[in-house]
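The structure under discussion appears below in the form of structure tokens.
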Amino acid sequence: GPVALTNGRAPGPRVAVTSGIHGAEYVSIAAHRRVVMELDPADEQRAVEQAKAALTAAECKVKTAQDTLAIAEQTLITDTIQAESTEKSAEINAVDMRAKARRTLELFTTKLESEETKESDEAVARRAELAVDDAKTAIEALKTRPITIDMDRNEVTQAQLDVETARSVLADAEQRLK
């Protein structure tokens, strides 16, 4: 049968693998070749290096996911403050513009203001009221953000699990190298 000699990087236990004792045992010979190839120290060293790289990449993924989550949480806070401020400002402006439109209408009925000014002030008041609606819609749109923040939290958890898996793979590879 086939014979292969593979030396490890350091002294340690030895193993003998035999195959092909009987002439027609081709399956055992193929298995023997696979085992011998898996015992190659160069391959094991590459596996350790690859596992280290995978661990580093997984740790970077955790940091990126954590940063993304922190940004999303802070952005929600600032966007909420800004949207609420915009809504208050729009409401004040709408009240003022509606009051001006009413005054202009009163002046128009007494022929002290032109129809053009009356229509213009009415249009401005209506646009101001629509701005309030837009501000309220923006606040409603922010209500979906916690869902995406939860998704970002899940990404952090998944990345942390990937780190644990990479650590385990590295430990296994280092153990095989010994």
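The values are calculated or read from the model by the stated rules, or taken from the named source; none is laboratory data. This is a predicted model, so every value here is computed, not measured. Note that we place each Cβ from the backbone using ideal geometry, even for glycine, and neighbour counts take in every protein chain shown. Note: areas computed on protein heavy atoms with side chains; ligands, DNA, RNA excluded. Shrake-Rupley method; radii C 1.70, N 1.55, O 1.52, S 1.80 Å.
Does T6 satisfy being under 25 Å from K178 (Cα atoms), exposed (fewer than 12 other Cβ atoms within 10 Å of the Cβ), among the polar types (S, T, N, Q) and at pLDDT below 95? Break it down into steps so the answer makes sense when it comes.
Working: under 25 Å from K178 (Cα atoms): yes; exposed (fewer than 12 other Cβ atoms within 10 Å of the Cβ): no; among the polar types (S, T, N, Q): yes; at pLDDT below 95: yes.
Criteria not met by T6.
Summed over segment 157-171, the residues that are loosely packed, with under 15 Cβ neighbours inside 10 Å and of a type outside the set (V, I, T) give a count of 5.
Of the residues R14, R102, R33, the single one that is open to solvent by 70 Å² or more (accessible area, probe 1.4 Å), among the basic types (K, R), modelled with pLDDT under 85 and not in a loop (DSSP other than H, G, I, E, B) is R33.
So which residues in segment 124-151 are open to solvent by less than 70 Å² (accessible area, probe 1.4 Å) and acidic (D, E)? I'd like the intermediate steps shown before the answer.
Applying the first criterion (open to solvent by less than 70 Å² (accessible area, probe 1.4 Å)) to segment 124-151 yields 124-125, 128-129, 131-132, 135, 138-139, 141-142, 146, 148-149.
E129 - this is the single residue of segment 124-151 that is open to solvent by less than 70 Å² (accessible area, probe 1.4 Å) and acidic (D, E).
Could you check, for segment 44-54, whether at least one of its residues is in contact (Cβ under 8 Å) with a residue 40 or more places away in the chain and either more than 29 Å from the chain's Cα centre (by Cα) or not in a helix (DSSP H, G or I) (or both)? Scanning segment 44-54, I find at least one residue that is in contact (Cβ under 8 Å) with a residue 40 or more places away in the chain and either more than 29 Å from the chain's Cα centre (by Cα) or not in a helix (DSSP H, G or I) (or both), so the answer is yes. For segment 67-88, residues that are in contact with a helix residue (DSSP H, G or I) (Cβ under 8 Å, 6 or more places away or on another chain) and open to solvent by 80 Å² or more (accessible area, probe 1.4 Å) total 1.
Per this entry, T110 is not counted among residues that are in contact (Cβ under 8 Å) with a residue 24 or more places away in the chain and either open to solvent by 40 Å² or more (accessible area, probe 1.4 Å) or more than 30 Å from V17 (Cα to Cα) (or both).
Could you tell me whether T157 is without any contact (Cβ under 8 Å) to a residue 60 or more places away in the chain and hydroxyl-bearing (S, T, Y)? Talk me through it step by step, then tell me what you get.
On the way: without any contact (Cβ under 8 Å) to a residue 60 or more places away in the chain: yes; hydroxyl-bearing (S, T, Y): yes.
Considered against the rule, which asks whether it is without any contact (Cβ under 8 Å) to a residue 60 or more places away in the chain and hydroxyl-bearing (S, T, Y), T157 comes out as yes.
Tell me, yes or no, whether segment 121-135 has at least one residue that is out of contact with any Asp or Glu (no Cβ under 7 Å at 6 or more places or on another chain), touching a residue at least 40 places away in the same chain (Cβ under 8 Å), on the phi < 0 side of the Ramachandran plot and in a helix (DSSP H, G or I). Yes, because at least one residue in segment 121-135 is out of contact with any Asp or Glu (no Cβ under 7 Å at 6 or more places or on another chain), touching a residue at least 40 places away in the same chain (Cβ under 8 Å), on the phi < 0 side of the Ramachandran plot and in a helix (DSSP H, G or I). Residues considered: N93, N154. Of these, the only one that is assigned to a helix (DSSP H, G or I), surrounded by 13 or more Cβ atoms within 10 Å (Cβ to Cβ) and at pLDDT 95 or above is N93.
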